1. Please quote Rg/Rh for region 1-77 to two decimal places, taking the Kirkwood radius as Rh and restricting both calculations to Cα atoms.
2. Can you give the log10 of the normalised intensity I(q)/I(0) at q = 0.12 Å⁻¹, computed with Debye over equal Cα scatterers of the chain?
3. Give the cross-link partners of Lys182 among the lysines, using a straight C-alpha distance below 28 Å as the criterion and excluding same-chain residues fewer than 8 apart.
4. Taking the Cα-to-Cβ direction at Val221 and at Lys158 and moving 7 Å from each Cα, how far apart do the two end points lie in nm?
5. Over all directions, how big on average is the projection of the convex hull of the alpha-carbon atoms in region 160-201, in square nanometres?
6. If you take the beta carbon distance between Ser13 and Glu45 as r and set R0 to 25 Å, what does 1/(1 + (r/R0)^6) give as a FRET efficiency, to the nearest 0.05?
7. For Arg123, project a label point 7 Å along Cα to C-beta. Then give me every residue of region 47-83 with its amide nitrogen under 19 Å of that point.
8. For the chain, what is the mean residue ellipticity at 222 nm derived from helices alone (per DSSP H run of n ≥ 4: -39500 (n - 2.57); sum divided by total residues; nearest 500 deg cm²/dmol)?
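Only the coordinates and a few stated rules stand behind these numbers; no lab work does. Bear in mind the structure is a predicted one, so any value in this text is a computation, not a measurement. So basically every Cβ, Gly included, is an ideal-geometry build from the backbone, and we count neighbours across all protein chains shown.
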Amino acid sequence: MAEKIFIVEDEKSIARLLQITLEREGFKTAIEPNGRRAYERILQEKYDLVLLDVMLPEMDGMEICKRVREVSDVPIIMLTARDEVMDKVEGLDFGANDYVTKPFAAPELLARIRGTIRRHKERLRGVEDTRYVVKNMILYPERYEVTVKGELVTLTHKEYELLKYLVENKRNVLSRDQILQKVWGYDYIGDTNVVDVYISYLRSKIDDKFGEKYIYTTRGVGYAIRD
Ligand code: CA
């Protein structure tokens with residue numbers, strides 16, 4: 001199915017050139033010259049990617065991008081005129097996926113569009129496909145999230161990394177050394193006791209809190225997570 005690109009550009013000749021370039025490559029397109037209207041259409045209609053000019057009537061591209069990002073992760077490529085605002089756009093994070101400067105070269109623009117759409121799809125697939133389930137716990141690696149019985153568990157970075165390592169190796173007993181190397185790194189200098197301490201943090205946040213046993217100790221060997 002052809003991907004649909006939303007061209008938000010108030011200069012008619014540029015909008016038309018973009019449209020011809022994209023449709024020749026098999027994309028579907030829609031054009032909107034007004035900023036405020038473009039913002040509304042991005043929220044209401046379904047596009048695979050938005051090409052967003054910066055200087056627009058009624059609402060500028062950066063404002064649109066910022067507002068859209070509050071509710072949508074639709075891929076956005078900003079179109080910027082090199083002299084005007086490139087520095088400003090580059091220096092600030094509005095949540096755009098990429099930037100292309102005008103006047104643009106068609107092959108570069110098309111490559112950016114295809115790359116952005118591909119990465120977005122990969123990300124979506126990742127979110128949907130990759131998840132680890134242990135009893136009532138689900139770990140979503142792409143989102144850095146863990147839920148137990150549908151409730152979000154707040155973990156520190158190290159707690160999360162430790163839990164992820166255990167979950168990825170469900171049922172396997174992992175030694176303290178293995179855990180140290182994987183979670184704290186080969187150059188970690190310190191007590192292996194840190195593993196036990198973090199295991200106890202996880203137990204209190206998960207096993208104890210939800211009244212269900214996840215993390216098992218194999219004496220003298222290490223730890224495992226089991227269904
Ligand atoms: Ca403009």
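1. With Rg and the Kirkwood Rh in hand, the quotient comes to 0.94.
2. -0.76
3. Leaving aside lysines fewer than 8 places away in the same chain, those within reach of Lys182 are Lys135, Lys149, Lys158, Lys164, Lys170, Lys205, Lys209, Lys213.
4. With each label point 7 Å from Cα toward Cβ, the separation is 2.6 nm.
5. The number I arrive at for region 160-201 is 2.8 nm².
6. 0.55
7. The answer is 47-53, 62-79, whose backbone nitrogens lie closer than 19 Å to the label point.
8. Mean residue ellipticity, 222 nm, calculated: -12500 deg cm²/dmol.
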